[in-house]
1. Yes or no: Leu108 outside any strand (DSSP E or B), of a type in the set (A, V, I, L, M) and touching a Ser or Thr at 6+ places or on another chain (Cβ under 6 Å)?
2. Within the set of pairs 6+ apart or on separate chains, which have a first residue in region 19-34 that is within 17 Å of Ser76 (Cα to Cα), a second that is of a type in the set (Val, Ile, Thr) and buried (at least 20 other Cβ atoms within 10 Å of the Cβ), and C-beta atoms under 8 Å apart?
3. Go through region 2-14 residue by residue and tally those that are surrounded by fewer than 17 Cβ atoms within 10 Å (Cβ to Cβ) and either touching a Phe, Trp or Tyr at 6+ places or on another chain (Cβ under 9 Å) or not assigned by TED's automatic domain parsing to the domain that holds Ser39 (or both).
4. Among the strands (runs of 3 or more DSSP E) lying completely within region 1-88, list those that include at least 1 residues that are over 22 Å from Gln115 (Cβ atoms) and out of contact with any helix residue (DSSP H, G or I) (no Cβ under 6 Å at 6 or more places or on another chain).
5. Spot the failing condition for Asn156; the list is (1) surrounded by fewer than 17 Cβ atoms within 10 Å (Cβ to Cβ); (2) in contact with a strand residue (DSSP E or B) (Cβ under 8 Å, 6 or more places away or on another chain), and only one is missed.
6. Just the residues that are charged (D, E, K, R) and touching an Asp or Glu at 6+ places or on another chain (Cβ under 8 Å), please, taken from region 61-102.
7. Could you please find all residues in region 158-186 being closer than 12 Å to Val198 by Cα and at pLDDT 85 or above?
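The values are calculated or read from the model by the stated rules, or taken from the named source; none is laboratory data. None of these values were measured; they are calculated from a predicted model. Cβ placement follows ideal geometry from the backbone for every residue including glycine, while neighbour counts extend to all protein chains displayed.
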Amino acid sequence: MKNVLLIGAGRFGRHLAIQMMQLGHQIMAVDISEERINSVLPYVTTAQIGDSTNADFLRSLGIGNYDVCFVTISGSFQNSLETTSLLKELGAKCVVSRAERDVQAKFLLRNGADQVVYPEKQLAQWAAIRYTADHIFDYIEIDKQHAIFEVPIPKNWLGKSIGELNIRKLYGINILGVKSHGETNVTVTPDTVLTDDVTILVIGEYKALQKCFQI
């Protein structure tokens, strides 16, 4: 369980709060808008209305006590930048800030952000890959070179074991698990036989994955 400070209770901040609540984290939400604070209250441990660009207000929150601070302010990049910088000055352990463009990410990283997230950009990239390939069921980017794909079993792999296929040596990819009826089994061995009623989670370089699965 983590202690989380969430600054900015707009749409992205609210969705983030919902996910973190489901993971069992303790969440303090902050926003300058009473309406937004009221909307996020069911999903957080506690909340305060306040101006995150005010150093005294932020100091009163005990910034050093939080494991991670999310800055998800929308509509004002200046406020997001000032808040990010102040959090780091006040001893924040980890600051994750929301950006909408590359230039914003550069400024945030130079002014205190440890990590930057692009909700719209990352979703657009996922959707582009997911829905333009008929045989990709899910996709997770690891970095610019690596990814995890959920794909169906190629026809020439059916009925064969992972060891028999020698996938790692021949294709440079690894099978992380098999998925059936929404349940994922990550206990795969060289003796695991691949059948047509499952999909597989594979990890590797984009080029290797694209070549292997004709993506």
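1. When the stated conditions are applied, Leu108 passes them.
2. Val30/Ile7; Asp31/Ile7; Asp31/Val40
3. 2
4. 46-49
5. (2)
6. Lys93, Glu100
7. Leu158, Gly159, Val178, Lys179
Matching residues to (1) at positive phi; (2) exposed (fewer than 14 other Cβ atoms within 10 Å of the Cβ):
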residue: Glu183; (1), (2): no, yes
residue: Thr195; (1), (2): no, yes
residue: Glu205; (1), (2): no, no
residue: Leu209; (1), (2): no, no
residue: Gln214; (1), (2): yes, yes
